[in-house]
Amino acid sequence: MSGASATSEKVPVRVYGGPTTVIEYGGLRFVTDPTFDPPGEYPMPLPGDHKLVKTEPSPVTAAELGPIDAVLLSHDEHDDNLDNSGRAFLPEAPVVFTTVTGAGRLGGNAQGLDFWQSAELKRPDGATVTVTGLPARHGPVGCEPVTGDVVGFLLTSADLPSVYVSGDNAALEHVKEIAERFAPVDTAILFLGGARMAFAFDGALLTLDSAQGAEAARLLGARRVVPAHFDSWAHFKEGRHEIETAFTEAGLADRLDFAR
């Protein structure tokens, strides 16, 4: 694994297209933002004929993932983060950590985490994994009435390196807040892609672009960066090439791990 530290090797991460990753941590298996649908269109609940368009099939089905101990769901309101198959998958997990408002909508096994709020899970060996909700904002300041609430996550345990999951965050100021409390993090799973939609907020970024991703990695002191949510959907403006270029220009190329 190029550029990964020895401690990073302790935390297997696999990216399965879009925002869906599997993290093996402390004997537990976490899946982020489950999406398994085939390519297609999803109408958006906004004025006008706007759609989210999935362009690539998911490389894995929900059944192929195997047993999952928890879902880390950054938000439930957008189909590119929770599609039809992903929504059907949620009851398979013992717990779904998500936004407080999302937990209210989902019910059942969903548990909302406010920013900086933590929950604990027992590891198979009796130790504890702490899941902490972290600040995120899905667009420019004031976007929440349109884009909804989003939450990021941090996984920590006494004998393991930390793992940060950004969720759909476009705010570097939130990354700075997180870094002040938790840097350095070992592995940062950054949702990148520079998502924009011409009709939304005058085309402002809805997620971090590649250059901001490199800055986030620097702020966090991340020893490994796993890019996610930069492909498989039409609204992403930057892909692997742009990510590699930005991290190279920032002198951080050795930290990238595309984990495919």
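Note the full-extension length gain between residue 120 and residue 176 as 0.36 nm times their separation in residues minus their Cα-Cα distance, in nm to one decimal. Please report the intermediate quantities before stating the final value.
Numbers: separation 56, 0.36 × 56 = 20.16 nm, distance 2.45 nm.
Gain in length upon complete extension: 17.7 nm.
Local charge sum around residue 133 (other residues, Cβ-Cβ under 12 Å, Lys/Arg +1, Asp/Glu -1)? Don't skip to the answer; put the middle values down first.
Numbers: positive: none; negative: 114, 149.
Summing Lys and Arg as +1 and Asp and Glu as -1 gives -2.
With only alpha-carbon pairs counted, each pair once and no self-pairs, how large is the Kirkwood hydrodynamic radius of the chain in angstroms?
Details: mean 1/r = 0.0554 Å⁻¹.
Answer for the chain: a Kirkwood hydrodynamic radius of 18.0 Å.
Restricting to DSSP loop positions (anything but H, G, I, E, B) with no more than 14 other Cβ atoms inside 10 Å of their own Cβ, which chymotrypsin sites (Phe, Trp or Tyr not before Pro) remain in the range 25-131?
Numbers: sites: 25, 30, 36, 89, 97, 115, 116; in loops: 36, 115, 116.
Here the sparse-neighbourhood loop sites are 116.
If the reach is capped at under 13 angstrom between alpha carbons, list the aspartates and glutamates near residue 10, excluding any in the same chain fewer than eight residues apart.
Straight-distance partners of residue 10: 24, 159, 186.
Only bridges with both residues in the range 8-255 count here: give the DSSP antiparallel percent, nearest 5. Before the final figure, lay out each step's value.
Numbers: 27 of 43 bridges.
Bridges in the range 8-255 are about 65 percent antiparallel.
Check the straight Cα-Cα distances from residue 51 and name the lysines below 17 Å, setting aside those fewer than 8 residues away within the same chain.
Cross-link targets: 237.
Multiplying the sequence separation of residue 249 and residue 77 by 0.36 nm and subtracting their Cα-Cα distance, what value in nm do you get? Provide the component values of the computation, followed by the final result.
Values: separation 172, 0.36 × 172 = 61.92 nm, distance 3.48 nm.
Full extension from residue 249 to residue 77 adds 58.4 nm.
Coordinate-derived values only; no laboratory data. Nothing here was measured: the structure is a model prediction, and the numbers come from that model. Here Cβ is always computed from backbone atoms with ideal geometry, including for glycine, and neighbour counts include all displayed protein chains.
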